[in-house]
Structure formats: C-alpha cells, structure tokens
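Q: First the structure, which I've put down as structure tokens, then a few questions once you've had a look.
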Amino acid sequence: MDLPNSNAQTLERTLGLFLASVELKAFRIARAALRHEDDALDAVQDAMLHLVRSYAHRPPEQWKPLFYRILENRIRDMQRRRSVRNRVMSWLPFAADGDDTADPIAEAVSPQMPPVRRLELDESLAALERALAALPRRQQQVFLLRTLEGLDVAQTAHAMGCSQGSVKTHYFRALRALRAQLGDLE
C-alpha cells in the first residue's frame with residue numbers, strides 16, 4: 001500500500017531536482033530575451049508551473065525539451081503583450097516611462113570577489129549580452145539552448161519546434177556572428 005505513495009514522492013523529488021537544475025539557466029535565457037528581470041522570473045515560474053501541471057506524468061527524459069518549449073512560448077507571449085501594450089500606451093497622453101529604477105541592494109557588488117575581477121566579469125557579460133541581443137531571435141534561442149543549457153540538436157529542435165537542420169544552421173550562424181563581434185576567446 002505504501003508503493004503508490006512512494007512512487008509519488010519519488011516523482012515529486014525527481015521533478016523538484018529537475019526544476020532546480022534548469023532554474024538559473026532558464027532565467028538567463030528569459031532575461032536575455034525579455035531584457036527585464038521581473039518578466040524573466042515570471043516567464044520561468046509560469047513555464048515551471050505549466051510543466052508540473054501538464055507534463056509531470058511524462059518520463060523525466062522528456063521534461064527538458066518540453067520545459068524549454070514551454071518557456072519559449074511564454075517568452076513569445078510576453079513579448080507580444082509587451083508590444084501591444086507599448087503601442088497602446090504610446091497613444092495615451094499620460095504615458096510616461098515605467099518606473100524601472102534599479103534596486104541598489106540587488107546590484108551591490110559581492111564582497112567575496114575583488115572589485116577589479118568583478119568589473120572584468122561585468123564588462124565581459126555586458127559585451128556578451130549585447131552581442132546576443134544583436135543576434136536574430138532564432139539564432140539567439142539556439143545558441144542559448146545549446147550552449148547554456150547543453151541541449152543536443154534533437155532536443156533543441158523539439159524545444160523550438162523546428163528541424164534539426166535548422167538548429168544546426170542557426171547555431172553555426174550565431175557562433176560565427178558572436179566570434180566576429182567578440183573575438184574567438186580561448
């Protein structure tokens with residue numbers, strides 16, 4: 001009689017470990033696409049909830065491509081809503097810039113890293129984010145899923161809803177563009 005309860009606990013634990021393993025990478029992908037931390041957090045949280053509610057019963061090896069497909073759809077939805085909202089708000093007489101003031105505590109420098117190293121790291125990350133932002137959307141998606149998340153070609157194709165050949169082409173072009181802009185760091 002304890003077997004079904006034990007299976008449920010094992011599934012819950014496995015799902016929790018999976019979500020913890022993709023959380024930070026998914027946030028980075030969403031932040032790069034949405035360019036707003038709060039929206040990125042919302043997108044990741046919504047994708048996780050959708051995966052748990054709709055696909056938790058699937059085998060664990062299917063979760064990663066499903067999750068990233070859900071995340072990409074959520075990002076696309078948020079971008080569309082933002083675009084419509086911006087068009088509507090631009091017509092209103094009181095449309096002021098949003099209050100996107102930075103949180104000084106969240107941006108404080110870590111006391112564990114020397115300031116010079118932190119500056120170098122910040123500059124490198126900023127250059128990478130600018131270079132990623134300059135890529136076409138599909139190249140950006142492929143690069144982040146393949147490089148940051150470590151998905152293979154088939155998983156990336158499934159997550160993006162395209163062919164494996166398309167993934168290879170976009171990945172090659174993204175690498176070429178990033179190397180041209182950033183140099184070949186070795």
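What follows is calculated from the coordinates using simple rules that are stated; it is not laboratory data. All of these numbers come straight from a predicted model, not from anything done at the bench. Here Cβ is always computed from backbone atoms with ideal geometry, including for glycine, and neighbour counts include all displayed protein chains.
Q: Can you work out the FRET efficiency for the pair Leu175 and Leu11, with r the C-beta to C-beta distance and R0 = 45 Å, to the nearest 0.05?
A: For R0 = 45 Å, the calculated efficiency reads 0.75.
Q: In the neighborhood of Thr14, defined by Cβ-to-Cβ distances under 14 Å, what is the net charge if each Lys or Arg adds +1 and each Asp or Glu adds -1?
A: +1
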